[in-house]
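Read through the structure below, which is laid out as structure tokens, and then see the notes.
The values are calculated or read from the model by the stated rules, or taken from the named source; none is laboratory data. Small disclaimer: the values here were computed from a predicted structure and weren't measured. Using ideal geometry, Cβ is built from the backbone for each residue, glycine included, and neighbour counts are taken over all protein chains shown.
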Amino acid sequence: MLLAAFLAALLINSPKEKSVHRFLVHPGDFKNRRNNEFYAGIGEREGLLLMTDHWSLVPLKTRRPILVDMASANTITYAPESGPAFNNIVKRVYGADLLVPPAPKYRHREIGPELYKRLWEQRTTAEWREIGMKFGATDILTPADRRLSLLAASEGEGMVLYEIPVE
């Protein structure tokens, strides 16, 4: 009886066309380096990529390695021995110290871009160069509304790719 009621509700509320478009992901809908010029350009570049936590799928879409995935910072619990190195990167690049509690309004949250937006926008080209040399990063991906003291290598999909100068 319960199964019949479920099937009846499913048939009434989910016309085929609606459910297909709502629940299935079509390959053409997923933008990546094979069907999107912006992502292809990011993927062709050398070095590690620095990025905010806005787009956790960028490494998948570009096949580009990233220095640290800020959207998945909680993975440190799976490899606690990586803690000191991870904290060093987070302190130097993102300006947050995992050993110092953040302001109360930021507790129980990820290290979001609002915590380091100002720091990134105020950094000089020389400071970015130093970070790039220390960690092997060559580019930074930010939301399009961020303005860094670097030259933009490309722009698209609501993002800007900044190039960290080598010398």
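Structure notes:
- Restricting Val93, Val100 to residues that are aliphatic (A, V, I, L, M) and surrounded by 14 or more Cβ atoms within 10 Å (Cβ to Cβ) narrows the list to Val93.
- Subset of region 31-73 (residues that are within 16 Å of Gly156 (Cα to Cα), without any contact (Cβ under 8 Å) to a residue 24 or more places away in the chain and assigned to a loop (DSSP other than H, G, I, E, B)): Arg34, Asn35, Leu57
- Selection count, region 50-74, where residues are closer than 15 Å to Tyr94 by Cα and either loosely packed, with under 14 Cβ neighbours inside 10 Å or among the charged types (D, E, K, R) (or both): 3
- Gly47 within 19 Å of Gly136 (Cα to Cα), at pLDDT 90 or above, touching a strand residue (DSSP E or B) at 6+ places or on another chain (Cβ under 6 Å) and surrounded by 10 or more Cβ atoms within 10 Å (Cβ to Cβ): yes
- Qualifying strands (runs of 3 or more DSSP E) (wholly inside region 81-167; at least 3 residues being out of contact with any strand residue (DSSP E or B) (no Cβ under 8 Å at 6 or more places or on another chain)): none
- Taken over region 123-148, the criterion of being within 18 Å of Leu57 (Cα to Cα) and surrounded by fewer than 18 Cβ atoms within 10 Å (Cβ to Cβ) is satisfied by Pro143, Ala144.
- For region 102-125, residues that are in contact with a Pro (Cβ under 9 Å, 6 or more places away or on another chain) and either in contact (Cβ under 8 Å) with a residue 60 or more places away in the chain or of a type in the set (A, V, I, L, M) (or both) total 3.
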